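Down below is the structure, laid out as structure tokens.
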Amino acid sequence: MSKDNKNQNQKPHKNENYKSIIQEYIKKNSSKRTIINNLVTILLSSFVIIAIIPLSSILIEVFKNGVGALSFEFLFQPPGSMGSGDGGIGPSIQGTLIVVGLASLIGAPVGVLTGVYLSEYSSSSRKFAYFLRLFNDVLTGIPSIVIGITGYIAIVLTLGSFSILAGAFVLSIIMIPIVARVSEETLKLVPNTLREAAYGLGLPKWKVIWHIVIMGSKSGISTGIVLAVSRIAGETAPLIMTILGTSLFFSGFNSPVDALPLRIWRLASQPYPSAHEQGWGAALLLILLVLSLSIALRMFAQKRSMTFKSTT
């Protein structure tokens with residue numbers, strides 16, 4: 001047999017060896033990646049379960065202790081005498097809706113516009129934008145009782161009475177930095193190609209921001225507003241310093257009003273089992289209100305986002 005035939009017979013044999021080595025290497029790496037992926041998945045799932053357990057236990061405890069207090073009288077009647085177990089939390093529900101709604105009307109637009117400035121206009125004045133972000137972060141970390149004292153000095157003492165306006169003012173201050181931060185980060189996610197395409201069509205900057213950037217980020221902005229509303233809906237300390245609380249229904253924007261966090265705090269501090277049951281019921285109702293608001297805003301934002309995508 002010639003040398004050429006021997007070389008031809010050896011080459012397929014060598015190629016088969018190389019193929020088997022490569023296949024074995026790929027198999028080992030694939031099994032290693034699969035094991036690591038499974039371990040990471042199990043680890044992350046464990047952390048999710050650890051986070052869900054305390055939240056679920058709180059929700060179950062509130063529902064178990066508070067569902068028995070829910071009734072028509074409890075939802076719509078003013079509080080009865082202390083320790084009697086009569087009456088309800090009607091003024092508290094009304095006051096919460098008014099104060100949180102008015103605070104949202106003040107804080108949400110200011111927060112969104114602040115986020116728009118930091119996202120779209122900060123390049124022209126970087127130093128001012130830096131200090132604005134710093135101030136926003138500092139404001140986020142200020143204790144709510146400090147903001148409540150500020151509202152008491154600035155508004156309550158000036159007007160001479162506790163009022164809804166003072167409560168809405170301090171809650172809006174808590175709300176603004178949350179909405180601003182989420183709005184800024186959401187607006188930055190809009191691709192620059194969309195902005196450039198709009199500029200190429202000759203649209204002014206404000207129209208690009210309103211019709212392209214903000215409309216395309218409604219879902220994220222709505223999420224930030226929901227987070228801020230959820231935060232202020234459960235605040236108690238600022239409301240003690242501003243709206244004081246009362247057993248009466250709404251009588252004017254310059255008058256005291258009750259709120260669910262205040263009513264929960266007062267009911268929990270009483271030594272009567274009936275008061276504690278009503279406190280659990282008020283806590284359950286507050287959770288349901290925040291949950292309903294969150295679901296409604298998300299559905300609205302999702303619907304508008306689908307409409308925006310279909311038109312573009």
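The values are calculated or read from the model by the stated rules, or taken from the named source; none is laboratory data. If you're wondering where the values come from, they're calculated on a predicted model, not measured in any experiment. Ideal geometry is used to build each Cβ from the backbone, glycine not excepted, and the neighbour counts take in all protein chains shown.
In the set Leu165, Leu113, which member is in contact (Cβ under 8 Å) with a residue 12 or more places away in the chain and either hydrophobic (A, V, I, L, M, F, W, C) or in a helix (DSSP H, G or I) (or both)?
Working: Leu113 fails: in contact (Cβ under 8 Å) with a residue 12 or more places away in the chain.
When all the criteria are applied, what remains is Leu165.
Residues in region 278-287: is at least one in contact with an Asp or Glu (Cβ under 9 Å, 6 or more places away or on another chain), at pLDDT 90 or above and not acidic (Asp, Glu)? Step through it out loud before you land on a result.
First pass over region 278-287, keeping only residues in contact with an Asp or Glu (Cβ under 9 Å, 6 or more places away or on another chain): 280.
If we keep only those that are at pLDDT 90 or above as well, we get 280.
Subset that is not acidic (Asp, Glu): 280.
Yes, because at least one residue in region 278-287 is in contact with an Asp or Glu (Cβ under 9 Å, 6 or more places away or on another chain), at pLDDT 90 or above and not acidic (Asp, Glu).
Considering each residue of region 255-270, count those that are within 26 Å of the chain's Cα centre (by Cα) and surrounded by fewer than 19 Cβ atoms within 10 Å (Cβ to Cβ), and give that number.
The total comes to 1.
Can we say Gly95 is assigned to a helix (DSSP H, G or I) and assigned by TED's automatic domain parsing to the domain that holds Ser222?
For Gly95, the condition - assigned to a helix (DSSP H, G or I) and assigned by TED's automatic domain parsing to the domain that holds Ser222 - is met.
Would you check which residues across region 255-270 are part of a loop (DSSP other than H, G, I, E, B) and polar (S, T, N, Q) and list them?
The first filter runs over region 255-270 and keeps only residues part of a loop (DSSP other than H, G, I, E, B), leaving 255-256, 258-259, 270.
Scanning region 255-270 gives Ser255, Gln270.
Looking only at residues that are modelled with pLDDT under 85 and among the polar types (S, T, N, Q) in region 60-87, which one is farthest from Asp258 (Cα to Cα)?
This residue is Ser84.
Please enumerate the residues belonging to region 136-154 that are part of a helix (DSSP H, G or I) and free of Cβ contacts under 8 Å to residues at least 60 places away in the same chain.
The answer is Asn136, Asp137, Val138, Leu139, Thr140, Gly141, Val146, Thr150, Ile153, Ala154.
Could you say which residue among Gly252, Gly245, Gly281 is out of contact with any Cys (no Cβ under 6 Å at 6 or more places or on another chain), buried (at least 18 other Cβ atoms within 10 Å of the Cβ) and closer than 28 Å to Ile149 by Cβ?
The match here is Gly245.
Just the residues that are surrounded by 13 or more Cβ atoms within 10 Å (Cβ to Cβ) and not hydrophobic (A, V, I, L, M, F, W, C), please, taken from region 124-140.
Selection gives Arg133, Asn136, Thr140.
How many residues are within 23 Å of the chain's Cα centre (by Cα) and free of Cβ contacts under 8 Å to residues at least 12 places away in the same chain when one looks only at region 201-247?
1
I'd like to check something: does region 193-202 contain any residue that is in contact with a Gly (Cβ under 9 Å, 6 or more places away or on another chain) and surrounded by 14 or more Cβ atoms within 10 Å (Cβ to Cβ)?
The answer is yes, given that some residue of region 193-202 is in contact with a Gly (Cβ under 9 Å, 6 or more places away or on another chain) and surrounded by 14 or more Cβ atoms within 10 Å (Cβ to Cβ).
Identify all residues within region 206-254 that are outside any loop (DSSP other than H, G, I, E, B), of a type in the set (A, V, I, L, M) and under 28 Å from Gly90 (Cα atoms); write none if there are none.
Correct list: Ile225, Val226, Leu227, Ala228, Val229, Ile232, Ala233, Ala237, Leu239, Ile240, Met241, Leu244.
Name the residue, out of Leu75, Leu55, Leu59, that is surrounded by 11 or more Cβ atoms within 10 Å (Cβ to Cβ) and farther than 16 Å from Glu277 by Cβ.
Going through Leu75, Leu55, Leu59 in turn, just one is surrounded by 11 or more Cβ atoms within 10 Å (Cβ to Cβ) and farther than 16 Å from Glu277 by Cβ: Leu59.
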